[in-house]
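The numbers here are math on the coordinates, done by the rules we state, and not lab data. None of these values were measured; they are calculated from a predicted model.
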Amino acid sequence: MIRSALYMLIALTTITTNSCHPGEALNKKTIISVSILPQKYFIEKLAGDNVDINVLIPPGASPATYEPTLTQLTKLVQSNVYMKIGYIGFELSWMDRILSVNPDMKIIDLSSGIETILQESNTQEKHHGHAHGGVDPHIWMSAVNAKIIAENIYQELILLLPHKKDFLKIRYMKLEEELDSLHLLFSNGLKELNQRSFLIYHPALTYFARDYGLYQYALEIEGKTPSPAHLKKIIDLGREKNINSIFIQTQFDRRNAEILAAEINAEIIPFDPLDEEWDKQMLYIAKQFNRSL
């Protein structure tokens with residue numbers, strides 16, 4: 001908390017000293033601040049190099065605990081727009097402070113229009129391991145949701161870059177086609193799976209599971225390391241349903257997942273929902289389901 005307050009104080013002092021105005025970039029290029037790297041993927045797909053993207057959560061960092069650096073905060077003060085992804089812990093903790101640094105900055109919620117899922121019902125089959133309240137934040141892990149995210153970005157980019165309207169429209173139509181193709185590929189590739197249940201350490205594939213009729217069971221509860229009692233329940237569930245795959249984010253400790261895998265003879269599948277190459281990561285995840293299930 002002290003570190004956060006210090007960053008804010010230093011950032012504001014730095015901007016005042018340099019006589020910069022909120023939303024005014026030193027290189028005159030429109031600056032868009034975002035929370036996570038997948039947002040950068042969609043913005044670049046639409047805007048190319050016409051904007052400067054300030055990603056606050058770097059590779060390998062946790063959206064639940066990360067605190068921005070002074071450099072990031074300084075660039076935040078120069079940002080025209082902040083495009084938040086919606087419900088991740090970082091935004092819930094930091095949004096008021098972000099606005100205090102640059103009160104003139106426009107806030108765009110990229111989750112607008114998306115049918116969100118409450119975490120207590122974030123699988124098609126309710127299970128005791130999932131009741132931990134609130135909206136599941138991983139909305140970008142879905143080709144269906146990605147179309148809505150892309151449209152939200154596109155509508156704002158038209159306002160930011162009116163002189164690039166034709167350029168943006170062409171790129172938006174191309175991205176829409178790519179996302180439709182990806183969704184069709186996943187739908188066709190996953191519809192014939194016999195085993196539709198999977199285990200996951202942190203429930204990051206809720207929307208992916210919803211889109212393709214899969215059943216996700218999480219080892220983690222409320223962001224906490226699973227207790228021995230909960231681990232045993234998940235082991236029993238895995239055996240009962242003959243689940244042979246356990247997905248785990250690359251940012252998480254594998255030890256509990258390895259214990260579970262040994263007990264039910266399952267394969268551990270690492271993945272990264274915060275990968276900047278969103279399309280490649282989604283293809284990788286779908287391929288793992290096809291291969292392992």
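Remark on the range 166-235: hydrodynamic radius 14.7 angstrom, per the Kirkwood mean of 1/r across alpha carbon pairs.
For the range 193-292, the fraction of C-alpha pairs farther apart than 19 angstrom is 37 percent.
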